[in-house]
Each structure stands twice: as C-alpha cells, then as structure tokens.
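The values are calculated or read from the model by the stated rules, or taken from the named source; none is laboratory data. The shown structure was predicted, so the numbers you read here are calculated from the model rather than taken from an experiment. As a convention, Cβ positions derive from the backbone with ideal geometry for all residues, glycine included, and neighbour counts pool all protein chains shown. These accessible areas exclude ligands, DNA and RNA; they are computed on the full protein's heavy atoms, side chains included. Shrake-Rupley method; radii C 1.70, N 1.55, O 1.52, S 1.80 Å.
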Amino acid sequence: MSTSTSTPTGVRTALPKVNLLPTEISEGAKFRNLQAALGLSIVLALGVIGALSYLASGEASDAQAQVESAQAQTTTLQAEVASYAAVPKLYAQVALANAQLARAMDQEIRFSFVLNDLSLTIPSTVTLGTMTILQPVDAPGSILGSWGNNGQASITFHGQTKSFTDVAGWLDSLAKTAYYSDPYVTLATRVNIGEQPFSFDSTVLITSKAFTNRYSNKAGS
C-alpha cells in the first residue's frame, strides 16, 4: 500500500510501501512456488529419463536381434561345414581310384584302332584268314622279336596271296606302321587253291607307341 502527499510547494513525494500481509502467508506462497517449480523439474527429468530409456531399449532390442541373427547364421554355416566334412575324403578316394586306374590301364592298346589301321594298309593282293593277338599284361615288354627287339604284344596272321612277291609286299606294309616292329614270315607255301595259291604265316610286334595313355593324366587330377 502506498500514499502520496503534497508539499506546500506543489511537489509530490512517494511514501514508503508497507506490506500488510503476515510473514507466514508470504513465505508459504514462496514455498508453494518452489514446490511447483521442483515438481515441474522432476516431471521433465522423468520424461527425459523415460525417452532415453525407450531409445536405449530400442537399441538393445536391435542389438539383440542382430546377435540372434548372427547366431542363427553361424549355426547354419556350421551345419553346412559338417555336411561337407566328407568331401576331402571323397576327393582322396577319387584320386586313389584314378591312380589305380592309371596303373591298371597304363598298358592299354586299343586293338580296334590297330585293326582299323591294318585295314587301311593291307595290300589288295593279300587276304587274311585268321589273326591271333598276344599281350602278356603281367610281363610287359617280354615278347622278343626276330630282330632282337622287345614288344608289348604280338599279332600272328595267316593269309593267302597270289605270289611270294605279294608276301614281301605284306611285310613291307607292316614295317611302315609306326607302332609295329620286327615283321617276319614264319611259313610260306604254295597250296594251288583258288586265285590265291600261296599261303603264309607271319608275326609282327606291337611296341609301346601303341599305348593310348588316356588314363595317365587322371592319376594327378
């Protein structure tokens, strides 16, 4: 509450304010204001803590989901690794089988090719009646030819010609084949039968040049 008075000179002066409220009332009002401020601060703090907790919970959930996903992938990969555990053994078995096959077939001669080459080189004046093939697989190179050479196999022919000269031509055709060696005649006689009155028996060696070697590379593959 304030009052003002006039002085004789007409100048107004302010009188001192006087608080007529009791001290308890004013102090109570200040305390209530402080309580309200503190309450608002607490509410705000709780809101911030709740928001941070929510964010932290979300991040924790994401992290847990990533961990579970990684664990699931690890389990799957471990199962796949286990399923392939037998692969090295299978490769070893295949390598062993290829090595055994190479050893078993290292002396392979494809006589179908031999016969095909023979059909292309035989003179037209020669007729073959029989043919006997000998290949001692357990003792390679053990066949001895007439000229001292060793062969992997031998072929004995029985045939007919028109003359002894044709027999010589037959031996010459054998000598021109790359994998034949030591062709020779064991018997030549005149039989006077039909258009080819001469009969002969001849033998030729087959060298290692006739080996196919088609399985040798598999041993190291």
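Across the stretch 188-215, the number of residues qualifying as more than 39 Å from the chain's Cα centre (by Cα) and among the aromatic types (Phe, Trp, Tyr) comes to 2.
Residues checked against (1) in contact with a strand residue (DSSP E or B) (Cβ under 6 Å, 6 or more places away or on another chain); (2) open to solvent by less than 60 Å² (accessible area, probe 1.4 Å); (3) modelled with pLDDT under 90:
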{"position": "VAL137", "(1), (2), (3)": "no, no, yes"}
{"position": "SER142", "(1), (2), (3)": "no, no, yes"}
{"position": "GLY159", "(1), (2), (3)": "yes, yes, no"}
{"position": "ASP166", "(1), (2), (3)": "no, yes, no"}
{"position": "LEU171", "(1), (2), (3)": "yes, yes, no"}
{"position": "TYR180", "(1), (2), (3)": "yes, yes, no"}
{"position": "ASN192", "(1), (2), (3)": "no, no, yes"}
{"position": "ILE206", "(1), (2), (3)": "yes, yes, no"}
{"position": "ASN213", "(1), (2), (3)": "no, no, yes"}
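Scanning the stretch 147-170 for residues being hydrophobic (A, V, I, L, M, F, W, C) and assigned to a helix (DSSP H, G or I) gives a total of 4.
What about THR130, is it among the β-branched types (Val, Ile, Thr) and part of a loop (DSSP other than H, G, I, E, B)? Answer is no for this residue.
Scanning the stretch 71-122 for residues that are in a strand (DSSP E or B) and either in contact with a Phe, Trp or Tyr (Cβ under 6 Å, 6 or more places away or on another chain) or charged (D, E, K, R) (or both) turns up nothing.
Cβ-Cβ contacts under 7 Å between residues 6 or more apart (or on different chains), taken from a first residue in the stretch 82-103 that is within 12 Å of TYR215 (Cα to Cα) to a second residue that is open to solvent by 60 Å² or more (accessible area, probe 1.4 Å) and among the charged types (D, E, K, R), are listed as ASN98/LYS218; LEU101/LYS218; ALA102/LYS218. If you scan the stretch 171-219, which residues turn out to be closer than 20 Å to VAL114 by Cβ, assigned to a helix (DSSP H, G or I) and charged (D, E, K, R)? The answer is ASP172, LYS209.
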